[in-house]
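A quick write-up on the structure given underneath.
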Amino acid sequence: MSESETRSEKPLTASVEKLRQELDRWLEVAWTQGEKALDAFGIRPAGDTWSPRFDLIETPDDVRVVVDLPGIDPASVEITLAGNMLTVQGEKPEIAVEEGQVVHTRQRTTGPFACSVPMPAPLNPEEVSAEAKHGVLHIRIAKSERAKTRQIQVHVEDTDTD
């Protein structure tokens, strides 16, 4: 093999390697995020569940989950706490199309949704509250006493003896 052939193969080899690395990255995302990867890639089969966007916030005393649910009746939302997993589920109805109307574009997500969120700390299932305001669901769950941070004072003995 001549030196000129080797030089011309190097850009091709680098391109193939870059493509392989990109495919590995996409496979890693699909493997680690599971169904969420389908949403990230914009691949969601019709009629399948979708996951609303949420924030998970931990304070010294509680864990708060804020879920975007615009256009959804809060009374129809089901919230469950099983062990360390909080699940929010329900359904976002599709806007009805009347006779004579033509839908040119449908971009809004509709249908059943489910959002399961692992909690970052042990919780007290007896102290849970949920409130919906302006299409945003606010869930607050108190931490269990054993999960709360405590200050521990160090006792220092006087070691000076004369």
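Taken together, the values in this text are just the output of simple stated rules run on the coordinates, not laboratory data. The model shown is predicted, which means the values in this text are computed figures rather than measured ones. Positions of Cβ are generated from backbone atoms using ideal geometry, with glycine treated the same way; all protein chains shown enter the neighbour counts.
Things worth noting here:
- Here each label is just a point 7 Å from Cα along the line to Cβ, and for Thr87 and Arg53 those points are 2.5 nm apart.
- Between Asp158 and Thr80, the simple label model (points 7 Å from Cα in the Cβ direction) yields a spacing of 6.2 nm.
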